[in-house]
Amino acid sequence: MGFRENLKSELSFQGILVKELSLKTGINKRTLDNYLREKGNIPPADIAVKIADALNVSVEFLVTGTEKRLNLETSETFSADIRQMARKISEMTENEKNLVRALVDEIVRQNSPEENLAQS
């Protein structure tokens, strides 16, 4: 997906209207509509930064659909689905986060090569 599709998707995901994005960024609604049209242009970098900031995403995400998070050990790329899950998890209570963590740990444990060997 490109900028247009990613911007549309993020607006939909956040429930933000183009008119609201225009107010948040100070960018004319017609200009934003142009970026969302089928044959619309990609905005210049300074405008893309304003849009990304208003949506609390990176410009990279709007352009590529993925977002890199630097880890001390590796550089990982997260898809839109993973970002959405992370956003939902961040809104959970600590107890709910602990349940999700335990579930993920169990899934990883069950899928680990050592566990599969032990079950054989």
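Restriction of the trypsin sites (Lys or Arg not before Pro) in the range 1-70 to DSSP coil positions whose beta-carbon has at most 10 other beta-carbons within 10 angstrom yields Arg37, Lys39. Pairs from the list Lys8/Lys88; Lys19/Lys50; Lys39/Lys88; Lys50/Lys97 with a Cα-Cα gap above 25 Å: Lys39/Lys88; Lys50/Lys97. In loop segments of the range 81-116 as defined by DSSP, the GluC sites (Glu not before Pro) with at most 12 further C-beta atoms inside 10 Å of their C-beta are Glu91. Converting phi to 3J(HN,Hα) with the Karplus coefficients 6.51, -1.76 and 1.60 and the offset θ = phi - 60°, the range 37-52 yields 6, 3, 10, x, 7, 8, x, x, 3, 5, 6, 4, 5, 4, 5, 4 Hz in sequence order, with x at every glycine or proline. Do any GluC sites (Glu not before Pro) in the range 1-55 lie in a DSSP loop with no more than 13 other beta carbon atoms within 10 Å, and if so, which? Hits after loop and neighbour filter: Glu38.
Read-outs throughout are calculated quantities, based only on the coordinates presented, and are distinct from any laboratory measurement. Computed from a prediction, not measured in an experiment: that's the story for all the values here. Don't worry about glycine lacking a Cβ; one is built from the backbone with ideal geometry, like all the others, and counts go over all protein chains shown.
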